[in-house]
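Have a look at the structure below before the remarks.
Every number here is computed from the coordinates shown, using simple stated rules; none is lab data. Everything numeric in this text was worked out from a predicted model, so none of it was measured. Every residue, glycine among them, receives a Cβ derived from its backbone with ideal geometry; neighbour counts consider all protein chains shown.
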Amino acid sequence: MSDARDTLLRNLFRSHGQFKYGLLLLIGLFFLAMALTPAPKSLVRLVQRETPLGYQLSSGTKTITENVSHLLGQQLTPEEVAYKAKVMVAVLFSAAFLWATEAIPLGATDLLVAGLLYLFAILPLDSISKAYMKDAVFFIFGVLVLAVGVSKSGLDRRLAILMLAKIRNLRDFCFVFYPMLAIAAGFFSEHALIAILIPVLVSVYRGVCKHYNLKSDKALAILLLLGVCFACNQGGPGSPAAGGRNAVMMGYLRDVGKPISFAQWMLCGLPYVIVASLAIAAFMYFTLRRKVKTPNVNFSEFVRREIKSLGPLTREQVTMGIILLTVSVLWLGASRRFGLGGPCIFGVVLMLAFRIITWADIQHKVRFEVVGLYAAACAIGIGLKVTGGSLWLAESLVGLLPVSMRSGNALVVAIGLFTTGMTNFMSDGATVAAVGPVALSMGAVGGVHIWKMGLICAFSSSFANATIIGTPNNAIAYVGSTDAKSGERLLTLKDFLVYGVPVTLIAFAVLWLWALLGYWRWLPWN
């Protein structure tokens, strides 16, 4: 009987194709419990409060109940509005759980969110459609297509090789290449950069070991492979183009009436990227240099051989470079006029017109379920904001914090720690999608500028250094670090933990001391 029960449990929580029925059962029971129980009294009181701090009321309304009633075109009771807010909180946690575990395909979760918004009449029908088609969604779609064009034209490999061309030793690799890579990861797909560099660096590692007649050099492998992974992770705060998590946060800020431009984001994030990459370079170099068995690694010799194999610049590479430059200029100089999605779509049209990519490339190489994730995240954010669910969560979480951490910079630190903890166990995009609306409301409750809360949430989602599941960067580095000839695994899960935890602490120290308590004090939001 016990064996039969154990077998049933194992089958229940085992993946069956693209579905994990045990996890689906757990989240289904959670959502059902949330949907069948009344809203808590604290939420009912919140939706009746006049001009609640942190909630944007429509003209002529004084409470969340009046605002939601006006939006839906029907007279609702406080209990009914509070119930909708509670359902939105359930949608938030359910979607975050499904995105993190992939108990069902990502695309199915994206559509499920829309279905639940329709089913529980959270927003008017047209508003749900609009919520899925925000500027941030076009932006992430365009960035993904631009990455396809860069890869197909061969421009990505050329850029990666050229970045290594002047690196002569390990010191240069840490203190020159790490920062260059981190800055590049703020504007190009960090996943693509890692995917390009890992095979190149494995070849460098193998060639160095062969030259010195060594079977292996663990410290060198960590410095090369894990180091570039950490550098790319820290590039995330550099600009909105670094990843979908940033696009989601920009969408949230726009929805609450506090939009931030591409240039303003860079002003807040790029100085952090430079200092953080140098600090992490110092940690990796001084921790590992004495352990490396082959300190005289001349990257330029290897790169010269690689450059010869690249051949001359092609028409496609030159054209792709001009398109990237044009899109970047529009992001920097005209994002308030055209948004971020407009220049991306313009770039996609140019790539199609100049035959750098085809429509078939877009269909087969762009992960539309990822685009849908960010669309669904935008819709969740709007639903939480309108119903008051995010404000209720924010007030509840602030109430759990010690009194000393309920306002000011201490509250910013708290949301940073919470986001980092989550992003090491689920994707950065899903983390920002889940935490973002609550973080912004917590800022309003705690008297912190909304940009600070939004940026600290987005920046901290880049600190997934300790596990391989936190970001594709880590997974790509881990999988690609196998020596094809010997079968040796150059990186282990323990390596991510041993070096990733100190790197995360360093990133936090730079974020708090250099950014939050440093140059952020003189930025325009004060």
Completion exercise
Loop-resident trypsin sites (Lys or Arg not before Pro) in region 349-437 with no more than 15 other Cβ atoms inside 10 Å, DSSP not H/G/I/E/B, are Arg355, Arg367
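Exceeding 30 Å between C-alpha atoms, which entries from my cross-link table qualify? They are Lys215/Lys365; Lys293/Lys494; Lys152/Lys291; Lys365/Lys452; Lys62/Lys452.
Cα-Cα > 30 Å for Lys215/Lys365; Lys152/Lys291; Lys365/Lys452; rest within.
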Fill in the blank from the handout: So the FRET efficiency between Phe30 and Tyr212, C-beta based with R0 = 45 Å and rounded to 0.05, is 0.20
Exercise for the section: Using volume of the Cα convex hull per residue in Å³ as the read-out, say which of [x] 145; [y] 248; [z] 174 was calculated from these coordinates. Expected result: [z]
Handout entry: C-alpha long axis of helix 190-211 to longest principal axis of the chain, angle in °
Key = 30 degrees
Practice task
Post the alpha-carbon centroid distance, region 391-409 to region 260-297, in whole angstrom.
Solution key: 32 Å
Problem - Neighbour net charge for Ile104 - beta-carbon separation under 13 angstrom, K R +1, D E -1 - result: -2
Problem - Estimated dipole of region 186-269 in Debye, rounded to 20 [Cβ of Lys and Arg +1, of Asp and Glu -1, Cα centre] - result: 200 debye
Exercise for the section: Would you mind checking the pairs Lys41/Lys86; Lys20/Lys134; Lys20/Lys86 and listing those with alpha carbons more than 23 angstrom apart? Expected result: Lys20/Lys134; Lys20/Lys86
Problem - Nearest-ten-degree value, helix 155-164 long axis tilted from longest Cα axis of the chain - result: 60 degrees
Fill in the blank from the handout: Of the residues Leu76, Ala147, Ala108, the Cα lying farthest along the dipole of region 55-148 towards its positive end, which is defined by charges on the beta carbon of Lys, Arg, Asp and Glu, belongs to Leu76
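Which of the trypsin sites (Lys or Arg not before Pro) found in region 175-226 are loop residues per DSSP with 15 or fewer other Cβ atoms within 10 Å of their Cβ?
Numbers: sites: Arg206, Lys210, Lys215, Lys218; in loops: Lys215.
Of the trypsin sites (Lys or Arg not before Pro), the ones in loops of region 175-226 whose Cβ has at most 15 other Cβ atoms within 10 Å are Lys215.
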